[in-house]
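Read the structure below first, then the notes.
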2 protein chains.
Amino acid sequence: MNKFSYEVIKECPHTGARAGIFHTPHGDIETPIFMPVGTQATVKGLKPEELKELGAQIILSNTYHLYLRPGADIVKQAGGLHKFMNWDRPILTDSGGFQVFSLSGLRKISDEGVEFRSHLSGAKHFITPEKDMEIQEALGADIIMAFDQCTPAGCSYQEAVEARRITKLWLERCYKAHTSDEQMLFPIVQGNIYEDLRRECVKDCLPYAKCGIAIGGLSVGEEKSVMYQILDLLNPLLPKDQPRYLMGVGSPDCLVEGYARGVDMMDCVLPTRIARNGTAFTKKGKMVIKNAIYKDDFRPIEDDCDCYACKHFSRAYIRHLINAGEMLGAELLSIHNLRNLIKLAGDCRKAILGDYFKDFKEEYMASYDLSKSNF
Amino acid sequence: MNKFSYEVIKECPHTGARAGIFHTPHGDIETPIFMPVGTQATVKGLKPEELKELGAQIILSNTYHLYLRPGADIVKQAGGLHKFMNWDRPILTDSGGFQVFSLSGLRKISDEGVEFRSHLSGAKHFITPEKDMEIQEALGADIIMAFDQCTPAGCSYQEAVEARRITKLWLERCYKAHTSDEQMLFPIVQGNIYEDLRRECVKDCLPYAKCGIAIGGLSVGEEKSVMYQILDLLNPLLPKDQPRYLMGVGSPDCLVEGYARGVDMMDCVLPTRIARNGTAFTKKGKMVIKNAIYKDDFRPIEDDCDCYACKHFSRAYIRHLINAGEMLGAELLSIHNLRNLIKLAGDCRKAILGDYFKDFKEEYMASYDLSKSNF
């Protein structure tokens, strides 16, 4: 019995955009979507009910962080991430590969795996693809990621070639080690900005992509135009009957541009991170709400926004909270920013289903101020 | 037309406890009560709906903090505190006197008022009783406090005598300056631990107590037994037909002991402050949830607690959140701790109405571990 399936409901005739449904053991996901990030088994400051209220269909959590604290054994004893954090909708965990390379100190990579030091305690750890699958199975997310090597922007061709070799090797081992049919393993297409490598990486992944494939290594420092170019390249190469997940990308403009290039799933810490710094997404670009011009501005962040923050509080109040270091400020802006992206994904879906996505995208991008999209 | 009134519904025949109703412009308050503190126009981390869900009938906010940031003019422009923070139930503001003496640097006190430096910017400010009334009227709380001089524990008799003289002088000026009939001004009984001064202070206050009187200068460092002694002394001296507010006191044992001595209203930052440090109130004393013994304890904080945190999350999860520095941990413990005190106040009220308060108090205090009440 297959517990995962994906169906395309409608394709945009003018762009690569598609509307679909991704069936998972914890419920259906209507794509395209944006997924809030709950790094440490919590989307910072928000309760599960609040996430549901703002329309979150699935959330993401980070294997690297949970492995180090509280430990996969604790989460497993709790009955898995869903029970531990009281979230009954789908969850996706990344493999931790990205964090091992970006957060931890002293790493030694070999064909066997990666040795690294915890950014918390400094303790040494060694992760293999098999160990990674074991950890992700203990965490119990619906969708899990292959352990891979993500290369940074500016990485040389030779480094990217080597990373592809390792990533392919590890993918095969992840696939063999992963046995639970309650979890779907997504291979990750790497290849940095090198088009021929990206093509090869797709070929590496296809045998292991059963119901979902991820695009990694983008939005790591390259220009947005380069990211869009890679997405244009990948769109026709990726299986049409599987969901495509663009990892770690989540500004409003990137969502619209990504969906237009056949991406179905996206995630990013951006909406909650900039919230904590006092910045809001709006349909016209960012609003730095901690600025003094908002001190006596008693309008909501956005007049026509249906989020809890906009329905109940003013810019002046939220500015006060942020400036006073009050948690509620970060909470309200997180709610607004997540709702902004989730509603945008839903609006894109409606536009695809209603056959007006191309116009929707053009209008959206015309009114969006890209100069206010540097987060 | 009098917008405030208080009625005693029932008196305990064995103790000083009373159950009553305090009618205010923003609704009725069933006493005895505990009032959550929202220092900077927000109870740290919680939304108004969450406060209502846990049974908060009234909240407190701090004039000193709001005067400095965002400024009383901003709150007034917003339409007052209720609108600014989206709280439609009663609000009480303190006078800021306590904070001027405890938080700010360099203060010069004279009969005219107090000069002090902002703990935020270092800027000089001068507050008189008239100015204080103006600020509290701009904030627009239902219940406002007289500007007073609160003396610390260990203060000499002579200092307490002088503080009484100033407090009396300022009370008269507050009373004259306060004109709005939308707000009830509470005089504050000071006098430190000196019984004859406490008696004199009651006499100073009585002419100005129209529907409420506050007891200040307790829980500032003295032994609890000394506080209870002062409350025993004051109980027969205070008007029976007005609510009595014991300022800044709020551990579970102090609530029960305070209500038993005729106190109707209490407030404290304790429940939310210890929450942020990872400590929970329980019926048996404090639980330091960040301790390692809770790492795989999947029970709720308290089995029979009806709060949101206990209904949905385990000790292990909350411990993880606190240890990982996640806001949700402080939020959940704040909800639990506030619910603990508010339910305790409600249980005391039921016991008074049901004629079993004396037994209730004895049972509660017998099972409460006072050695776990050092917060």
What gaps in nm, shortest first, separate A:SER110 from its twins in the other copies when you place the label 7 Å past Cα toward the beta carbon? 7.9
Taking a ≥ b ≥ c as the square roots of the Cα gyration tensor eigenvalues, with a/c under 1.5 meaning rounded and otherwise prolate when a/b beats b/c or oblate if not, the stretch B:1-149 comes out prolate
Work out the FRET efficiency for B:ASP303 and B:LYS176 from their Cβ-Cβ distance, taking R0 = 56 Å, and round it to the nearest 0.05. 0.55
Formal net charge of residues neighbouring B:PRO300 (Cβ-Cβ distance under 10 Å; K, R +1; D, E -1): -1
Report the paramagnetic label zone for A:ASN277: residues of the stretch A:316-336 whose backbone N is under 18 Å from a point 7 Å from Cα along the Cα-to-Cβ axis. A:319, A:322-326, A:329-336
Fewest-first ranking of A:ILE213, B:ILE215, using other Cβ atoms within 10 Å as the exposure measure: A:ILE213, B:ILE215
With respect to the axis carrying A onto B, what is the closest chain A residue by Cβ position, and how many angstrom separate it from the axis? A:MET327, 3
Given the C-alpha centroids of the stretch B:1-51 and the stretch A:1-51, what is the distance between them in whole angstrom? 45 Å
For the pairs A:LYS290/B:LYS290; A:LYS295/A:LYS372; A:LYS290/B:LYS76, flag any whose C-alpha to C-alpha distance is greater than 31 Å. A:LYS290/B:LYS290
After finding the eigenvalues of the alpha carbon gyration tensor for the protein assembly as shown, what semi-axes result from the square roots of 5 times each, listed largest first in whole Å? 56, 28, 22
Which aspartates and glutamates have a Cα lying under 18 Å from the Cα of A:LYS44, excluding residues fewer than 8 positions away in the same chain? A:GLU53, A:ASP88, A:ASP94, A:ASP267, A:GLU326, A:GLU331, B:GLU50, B:GLU326, B:GLU331
Does anyone have the angle between helix A:195-205 and the longest principal axis of chain A? Alpha-carbon axes, 0 to 90°, nearest 10? 70 degrees
Could you work out the local net charge near B:MET247, counting Lys and Arg as +1, Asp and Glu as -1, over the other residues with Cβ closer than 15 Å to its Cβ? -2
Excluding same-chain residues fewer than 8 positions from A:LYS3, which aspartates and glutamates have a Cα within less than 12 Å of its Cα? A:ASP28, A:ASP142, A:ASP181, A:GLU182
Burial ordering of A:SER314, B:SER367, fewest other beta-carbon atoms within 10 Å first: B:SER367, A:SER314
Using only the Cα atoms of the stretch A:77-167, what do you get for the radius of gyration and for Dmax, in Å? 14.8, 45
How far is B:ALA366 from the same spot in each other copy, in nm, shortest first, if each label point sits 7 Å from Cα toward Cβ? 7.9
What helix-only [θ] at 222 nm does chain A give? Using -39500 (n - 2.57) per DSSP H run of at least 4, over all residues, to the nearest 500, the answer is -11500 deg cm²/dmol
Chain lengthening between B:ASN2 and B:GLU115 when straightened (0.36 nm per residue, less Cα-Cα): 37.1 nm
So if I take the centroid of the Cα atoms in the stretch B:244-282 and the same for the stretch A:342-375, what is the distance between those two points in Å? 51 Å
Convex hull projection area averaged over all views, the stretch A:131-279, Cα basis, nm²: 9.2 nm²
Based on alpha-carbon centroids, what's the gap between the stretch A:185-242 and the stretch A:71-111 in Å, whole number please? 23 Å
Under 19 Å from A:LYS124, Cα to Cα: lysines that are on another chain or at least 8 residues apart: A:LYS108
Taking 8 Å as the Cα distance limit and 6 or more residues as the minimum spacing, I'd like the relative contact order of chain B as a percentage. 18 percent
Helix A:224-234: inclination vs chain A longest Cα principal axis, degrees, rounded to 10, gives 50 degrees
Give me A:HIS125, B:HIS320, B:HIS23 sorted ascending by neighbouring Cβ count inside 10 Å, so fewest comes first. B:HIS23, A:HIS125, B:HIS320
Give the residue from B:VAL226, B:PHE375, B:ALA316 lying farthest towards the positive end of the charge dipole for chain B; charges sit on Cβ (+1 for Lys and Arg, -1 for Asp and Glu) and the dipole is referred to the Cα centre. B:ALA316
Could you compute the FRET efficiency for A:SER367 and B:ILE21, with r as their C-beta to C-beta distance and R0 at 60 Å, rounded to 0.05? 0.65
Most positive-pole-ward Cα, B:THR15, B:ASN277, B:VAL202, against dipole of chain B from beta carbon charges: B:ASN277
If I build a Gaussian network model for chain B, linking alpha-carbon pairs within less than 10 angstrom, which residue out of B:ASN86, B:ASN337, B:ASN192 has the largest mean-square fluctuation? B:ASN86
With only Lys, Arg, Asp and Glu charged, each at its Cβ (+1 for the first two, -1 for the last two), find how big the charge dipole of the stretch B:5-267 is about the Cα centre; round to the nearest 20 debye. 400 debye
So if I average 1/r over every pair of distinct C-alpha atoms in the stretch A:5-264 and take the inverse, what Kirkwood radius in Å does that give? 18.5 Å
Taking Cα atoms, the helix B:357-367 axis meets the longest principal axis of chain B at an angle in degrees (rounded to 10) of 60 degrees
Between A:HIS336, A:HIS312, A:HIS14, find the one with the highest GNM mean-square fluctuation for chain A; connect C-alpha pairs within less than 10 Å. A:HIS312
Taking each label point as 7 Å beyond Cα in the direction of the beta carbon, state the distances from B:ASP181 to the same residue in the other copies, shortest first, in nm. 7.7
Inside 10 Å of the C-beta atoms of A:27-40, what's the mean count of C-beta atoms belonging to other chains? 1
The local net charge around A:PRO70, scoring Lys/Arg +1 and Asp/Glu -1 for residues other than A:PRO70 whose Cβ lies under 10 Å from its Cβ, equals +1
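Rule-based calculations on the coordinates, nothing more; no lab input. Fair warning: this is a prediction, and the values are worked out from it, not measured in the lab. Neighbour counts run over all protein chains shown; Cβ positions are idealised from the backbone, glycine included.
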